[in-house]
1. How much of the accessible area of chain A, in percent, comes from carbon and sulfur atoms when a 1.4 Å probe is used?
2. Compute for chains B and A the buried accessible surface, both sides summed, probe 1.4 Å, and express it in Å² to the nearest 100.
3. Before I look further, what does the stretch A:45-186 give for accessible area per residue, probe 1.4 Å, in whole square angstrom?
4. Quick one: if the Förster radius is 22 Å, what FRET efficiency do A:Ala101 and A:Asp35 give, using the C-beta to C-beta distance and rounding to 0.05?
5. Share of Cα-Cα pairs in chain A beyond 23 Å, in percent?
6. Helix by helix, which DSSP H runs in chain A go 24 Å or more along their axis at the Cα atoms and have an average Kyte-Doolittle hydropathy of -1.0 or more?
7. Which residues of the stretch B:47-91 bury at least 20 Å² of accessible area once all protein chains are present, versus their chain alone (1.4 Å probe)?
Amino acid sequence: MRRKLGPGIVIVAAAAVIAVLVYGLTQQGASRALDEALAAGRHPAAPQTTRLLPALDRAGGAQASLAHWRGKVVVLNFWASWCSTCTAESALIEHAERQLAASGDGTVVGIDYKDLSGDAQQFVASHSLSYPNLRDIDGSFAAAYGTDALPETFVLNRRLQVVAISRGEITQQSWLTHWIDAAARA
Amino acid sequence: MRRAAGIVAALSLALAFAAAPAGAVTQRTSLVTIEQQVMCVTCGIPLVEADSVAAQREKAFIQRLVDRGDSAGEIRAQLVAQYGVAVLALPPDHGFNVVFYVAPVAAVLLALAVVALLLPRWRRNRRASPGAGGAALSAADSARLDADLARFDD
């Protein structure tokens, strides 16, 4: 019995180390749970809708969560000032915001990701972005959406369910128009 | 004369005390020093090794703070405010993060304790084992071995 104790401890310790390594490796990749749910024809609930994030302009230490826009269509756009493709698509995103504001159906909400607040504010000013922007300081909010590369855009319906996902730059205004209409009807 | 010397000595002492903390406060940090202590938050490697656009922005931010005369601690605090604690190469040593520092030491101590506990037992068991020199052969095996050896002798 005692002879088996030593090897037993070594085996258990080795198994624990392997389990930790496997867990670490499986946690590396971005989650695609939202994409899989959409592909299966479902409209998954947007993650972390009640989580408060600091507003980019931080006027009065302002914070907001997505729940603030419940009842409206939300185009959730993850961006950063260091991301060149975010610059390329910013005009389309701003156009969508103006359409949503004109119809009263909803708004774009920008999520500034792993960025310096000063650089981000400069980006907003230089691209004349009129929609609210929140800061995801450590990237954990983006991680809940499976976002690990920019830009990415999620169209949410009035119940804050995900209706469409664009992982990468949006190059066609028609994509936004189509999915905003679909979200407004959903 | 003695009085003058006493005044000079007192003034020298006062100056020495006044100069000591001032020297400690004016110790400046550098971009390279901070780069070695923080991560590029978008690339997941030490900032000193990173050269992405985001890393260059981060370096420029640090350089501005260095030029302003901020201390290393102040610069790290401002980086955490901008990027969260993930920007630090080593997590802060308080709260749950203490686990990161304590766990390796505890693991080594535990391993040493297990070895210290089991090694004498294994040694004792080995010494006490009756067949330490090898298992005895059965009569059949012994006969076969003798036959084989006899064949080699021929």
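The values are calculated or read from the model by the stated rules, or taken from the named source; none is laboratory data. Everything quoted here is computed from the prediction, not taken from an experiment. Positions of Cβ are backbone-derived with ideal geometry, glycine not excepted, and every protein chain shown enters the neighbour counts. Note: areas computed on protein heavy atoms with side chains; ligands, DNA, RNA excluded. Shrake-Rupley method; radii C 1.70, N 1.55, O 1.52, S 1.80 Å.
1. Carbon and sulfur together cover 57 percent of it.
2. Summing both chains' loss of accessible area gives about 1400 Å².
3. That works out to 39 Å² for each residue.
4. So, using R0 = 22 Å, E works out to roughly 0.15.
5. Beyond 23 Å sits 46 percent of the P(r) for chain A.
6. A:2-26, A:84-103
7. Relative to the lone chain, where solvent access is computed with a 1.4 Å probe, the stretch B:47-91 loses at least 20 Å² at B:Val53, B:Ala54, B:Arg57, B:Ala81, B:Gln82, B:Tyr83.
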